Amino acid sequence: MTDQPMDAEGGYEADSDRDGLGFEHRSVMTAEVVAAFEPVPSGTVLDATLGAGGHSEAILDARPDLDVLGLDRDPDAIRAARERLARFGERFVAERLAFGGLRSAMSDHDIEKLSAAIFDLGVSSPQLDRAERGFSYRHDGPLDMRMDTDQAWSASDVVNGYDEADLRRIIHRYGDERFASRIARAIVAARPIESTAELAQIITAAVPAATRRRGGHPAKRTFQAIRIEVNRELDELSDALDDVIGALAPGGRLAVLSYHSGEDRIVKDRFRAASGDCDCPIGLPCVCGAVQTVRIVRGVPRTPSAVERESNPRARSARLRVVERVDIDRDHGAITTARDTPGGPGGRG
Ligand SMILES: C[S@@+](CC[C@H](N)C(=O)[O-])C[C@H]1O[C@@H](n2cnc3c(N)ncnc32)[C@H](O)[C@@H]1O
């Protein structure tokens, strides 16, 4: 199935012209995330995509009974978030880890269960705005695009190393790009390609002149696709969502902000699977094998308000999905959430 763009004008590059000297990132749908976590039990919240720490800060401010464990694989993000959130003292800890490191981080910090978790997928503004990180078609830089700056594999390996069919596949799948074939062919013909400006110019020339004037920068979708491939952004996501659902305390909530249809489809599928489409009658043992571990808090994903969409172009394509952990005692037809558990789950320690 072809990925459909959520918002042809949206995407992260729209306001990346500004000077990115500090590590600044305008968090998306912060009020909605804080509201979604209002009913969660006391304890620890996982911020799996810490970035500049905006969501963590809002959660820590809103709920003095919650701590935050923040993860990010970008060392700049970890440094910036630690500085920004230092005022919360022991209520905030950060680890430079990818999603796969979640369980080890929980065990290192003696966290048995999570009260909530947030994934705010995609890139942060500083990753895009700093030319030397090589994410942006607007600033000339090396073909890099690595979130984890120690990773050996970079955009140059994809652009200069993939064969035409693989380039076409990723540009089509991760970029929702209808001119994927033409772009892949042009990239292969122009190799070696050294810089983001060179790549952007090759893509622009490959796209029919009539479409260059519509739908934002012609290189936007291809850059998004290469970035997703370099960082294997979708590969870890399904497993990480299952892992987090398994770690939530009863009544704990998982909120995910996604920005393109490939991400959102994974989130929707995992949530649907975990909400267990079991047909067996409540009160009788389940024979179909489906196990419900969450309830979907709202069937239709939330989107940003008109005001936020207007003021923050990066928010335009955002979709917020939330699930709540339930423990079902099928034999007795009971659903347990934190509200049934005096004192809620344990936090750290
Ligand atoms: C959109 S930003 C998060 C912004 C943050 N919510 C805020 O309010 O400042 C996404 C962050 O997630 C990180 N990230 C993306 N995929 C990751 C992964 N698989 N493991 C760890 N961090 C990841 C990126 O490095 C980036 O800093």
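A few notes on this one:
- Here is the figure for the range 227-252: residues that are in contact with a Gly (Cβ under 8 Å, 6 or more places away or on another chain) and of a type in the set (Val, Ile, Thr) total 1.
- Extreme residue, farthest from Val244 (Cα to Cα), among residues of the range 5-49 that are among the charged types (D, E, K, R) and modelled with pLDDT of 50 or more: Glu24
- Index of the failed condition, Arg191 passing every other in (1) of a type in the set (Lys, Arg); (2) at negative phi; (3) within 14 Å of the ligand (Cβ to nearest atom): (3)
- Matching residues in the range 132-147 - criterion: being aliphatic (A, V, I, L, M) and either near the ligand (Cβ under 8 Å from one of its atoms) or in contact (Cβ under 8 Å) with a residue 60 or more places away in the chain (or both): Met145, Met147
- Filtering Val93, Val33 for residues that are more than 17 Å from the chain's Cα centre (by Cα), of a type outside the set (Ser, Thr, Tyr) and in the same structural domain as Ala249 (by TED's automatic domain parsing) leaves a single hit, Val93.
- When Arg232 is tested against (1) over 23 Å from Val28 (Cα atoms); (2) surrounded by fewer than 17 Cβ atoms within 10 Å (Cβ to Cβ); (3) of a type outside the set (Asp, Glu), exactly one condition is not met: (1).
- Residue count for the range 86-124 under the criterion of being in a loop (DSSP other than H, G, I, E, B) and within 11 Å of the ligand (Cβ to nearest atom): the result is 6.
- Scanning the range 86-103 for residues that are under 24 Å from Glu236 (Cβ atoms) and touching a strand residue (DSSP E or B) at 6+ places or on another chain (Cβ under 9 Å) gives Phe92, Val93, Ala94, Glu95, Arg96, Leu97, Ala98, Phe99, Gly101, Leu102.
- Ala184 vs. criteria crowded, with 19+ Cβ neighbours inside 10 Å, closer than 27 Å to Ser238 by Cβ and within 16 Å of the ligand (Cβ to nearest atom): no
The values are calculated or read from the model by the stated rules, or taken from the named source; none is laboratory data. These numbers come from a predicted model, not from an experiment. Cβ atoms come from the backbone with ideal geometry, glycine included; neighbour counts cover every protein chain shown.
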